[in-house]
């Protein structure tokens with residue numbers, strides 16, 4: 001009876017040690033993101049479209065490639081200088097962005113390049129220069145789930 005109990009205790013101890021020593025589960029994660037720092041809107045422009053470029057660091061420690069099906073970009077007005085058409089907190093959903101690559105290989109770290117459209121209205125002749133600073137949030141839909149990451153910097157639109 002004692003030898004069976006001792007054997008059982010040894011097995012349980014081995015299982016606990018294996019469980020405690022195993023590392024964390026493999027995951028897909030996003031690191032930092034960044035966007036173009038500024039864009040100067042031409043004087044007299046009215047809802048003029050332009051491209052904003054960004055990057056997102058990704059890390060895939062799983063054993064399978066993670067495919068990216070879409071990236072959405074949202075700009076939220078965080079600060080203004082001078083007269084601005086929008087209020088702080090207003091959001092602009094830039095919609096689906098273009099991006100490359102569309103997958104992150106197993107065990108790989110990859111920088112994802114993103115481009116999305118924004119628009120601006122320039123100042124009228126003689127009006128003072130103004131600017132709006134936007135926080136950019138990227139939402140990724142992937143084969144590993146949905147992920148959000150905020151840009152570490154803001155995108156500033158300046159009236160030209």
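Say each of residue 119 and residue 65 gets a label point 7 Å from the Cα, pointing the same way as Cα to Cβ; how far apart are those two points in nm?
3.7 nm
So what is Rg over Rh here for the stretch 26-159, counting just Cα atoms and using Kirkwood for Rh?
Using only Cα positions, Rg/Rh for the stretch 26-159 is 1.07.
Roughly how many whole Å is it from the C-alpha centroid of the stretch 131-160 to that of the stretch 62-87?
Distance between centres, Cα-based: 3 Å.
Tilt of helix 2-21 relative to the longest C-alpha principal axis of the chain, in degrees (0 to 90, nearest 10)?
Helix 2-21 sits roughly 20 degrees off the main axis of the chain.
For labels at residue 46 and residue 146 in the simple 7 Å Cα→Cβ model, what's the distance in nm?
The two pseudo-label positions are separated by 3.7 nm.
Can you tell me which of 77, 140, 85 moves the most in a GNM of the chain? Springs connect C-alpha atoms under 10 Å apart.
Of 77, 140, 85, the Gaussian network model singles out 85 as fluctuating most.
Using only the alpha carbons, work out the radius of gyration and Dmax of the stretch 89-152 in angstrom.
16.5, 56
Fewest to most neighbouring Cβ within 10 Å: what's the order for 88, 71?
88, 71
Here, each number is a calculation from the coordinates, and none is a lab measurement. Since the model is a prediction, treat every value here as computed from it, not as a measurement. Backbone-built Cβ (ideal geometry, glycine too); neighbour counts: all protein chains shown.
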